[in-house]
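K.L.:
Have a look at this one.
The values are calculated or read from the model by the stated rules, or taken from the named source; none is laboratory data. These numbers were taken from a predicted model, which means no experiment stands behind them. FYI the Cβ positions are ideal-geometry reconstructions off the backbone, even for glycines, and counts take in every protein chain you see.
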Amino acid sequence: MKIGYRREGPITIVTASGVVKIRESGDSFSEILGKTLHEEKGPVLVDLSGVDALDSTGLGEMVAYLRKFRLQGRSFAILASAPRIRKLLEFTNLDRTLPVYHSRDEALQSMTDEQSAKNDTLTRLDRNDIGLDTVPDPFT
């Protein structure tokens with residue numbers, strides 16, 4: 001298995017390819033997700049489009065990290081363009097727990113829009129906290 005990550009705009013993309021199996025690659029997968037959790041900011045997209053097979057360990061790691069990212073107020077989603085991986089996520093009902101996208105463009109657009117909405121909300125909350133809720137914003 002090959003795994004790595006990179007930033008694309010506000011999104012960190014974790015890319016895996018090959019077979020994600022217990023003991024052989026599960027530790028690497030978990031290590032990269034942990035590094036992303038602690039060293040990066042913003043939403044995370046796990047790109048499984050190059051993954052041939054994914055066992056219960058890989059699925060378990062994604063569920064565990066979904067919770068960790070959500071506790072930090074961060075989005076965590078899966079890109080599963082391969083039919084085999086999509087069917088696995090559907091069979092295990094993880095497609096109901098994890099946001100799953102079928103195309104890279106759809107995932108990036110949706111996650112970027114979501115991040116922009118969060119930033120707008122935080123800006124409004126910050127303005128309200130310091131009593132600026134009645135002062136018009138000259139940039140809108």
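K.L.:
Mind listing whichever residues of the range 44-61 are without any contact (Cβ under 8 Å) to a residue 40 or more places away in the chain and among the hydroxyl-bearing types (Ser, Thr, Tyr)?
P.N.:
Hits for the range 44-61 are Ser56, Thr57.
Listed here are the residues, each with its yes/no results for (1) part of a helix (DSSP H, G or I); (2) in contact with a His (Cβ under 7 Å, 6 or more places away or on another chain); (3) closer than 15 Å to Ser49 by Cα; (4) without any contact (Cβ under 8 Å) to a residue 60 or more places away in the chain.
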site: Leu66; (1), (2), (3), (4): yes, no, no, yes
site: Arg74; (1), (2), (3), (4): no, no, no, yes
site: Ile85; (1), (2), (3), (4): yes, no, yes, yes
site: Glu90; (1), (2), (3), (4): yes, no, no, yes
site: Glu106; (1), (2), (3), (4): yes, no, yes, yes
site: Thr112; (1), (2), (3), (4): yes, no, no, no
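K.L.:
Which of the residues spanning the range 57-86 are over 16 Å from Glu106 (Cα atoms), over 13 Å from the mean Cα position of the chain (by Cα) and of a type in the set (D, E, K, R)?
P.N.:
Listed by number, the list holds a single entry, Arg84.
K.L.:
Looking at this structure, is Ser28 over 11 Å from the mean Cα position of the chain (by Cα) and surrounded by 13 or more Cβ atoms within 10 Å (Cβ to Cβ)?
P.N.:
Considered against the rule, which asks whether it is over 11 Å from the mean Cα position of the chain (by Cα) and surrounded by 13 or more Cβ atoms within 10 Å (Cβ to Cβ), Ser28 comes out as yes.
Rundown of residues vs (1) outside any strand (DSSP E or B); (2) free of Cβ contacts under 8 Å to residues at least 60 places away in the same chain, yes/no style:
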site: Ile3; (1), (2): no, yes
site: Gly34; (1), (2): yes, yes
site: His38; (1), (2): yes, yes
site: Gly42; (1), (2): yes, no
site: Val63; (1), (2): yes, yes
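K.L.:
In this structure, does Arg70 turn out to be surrounded by fewer than 16 Cβ atoms within 10 Å (Cβ to Cβ) and under 22 Å from Gln115 (Cβ atoms)?
P.N.:
Values: surrounded by fewer than 16 Cβ atoms within 10 Å (Cβ to Cβ): yes; under 22 Å from Gln115 (Cβ atoms): yes.
Yes: the conditions hold for Arg70.
K.L.:
What residue, of Thr112, Thr57, is among the polar types (S, T, N, Q), modelled with pLDDT under 90, touching a helix residue (DSSP H, G or I) at 6+ places or on another chain (Cβ under 8 Å) and surrounded by 16 or more Cβ atoms within 10 Å (Cβ to Cβ)?
P.N.:
Checking each option against the conditions leaves just Thr57.
K.L.:
Moving on. So which residues in the range 9-25 are at pLDDT below 90, part of a strand (DSSP E or B) and surrounded by fewer than 19 Cβ atoms within 10 Å (Cβ to Cβ)?
P.N.:
Answer for the range 9-25, where residues must be at pLDDT below 90, part of a strand (DSSP E or B) and surrounded by fewer than 19 Cβ atoms within 10 Å (Cβ to Cβ): Ser17, Gly18, Val19.
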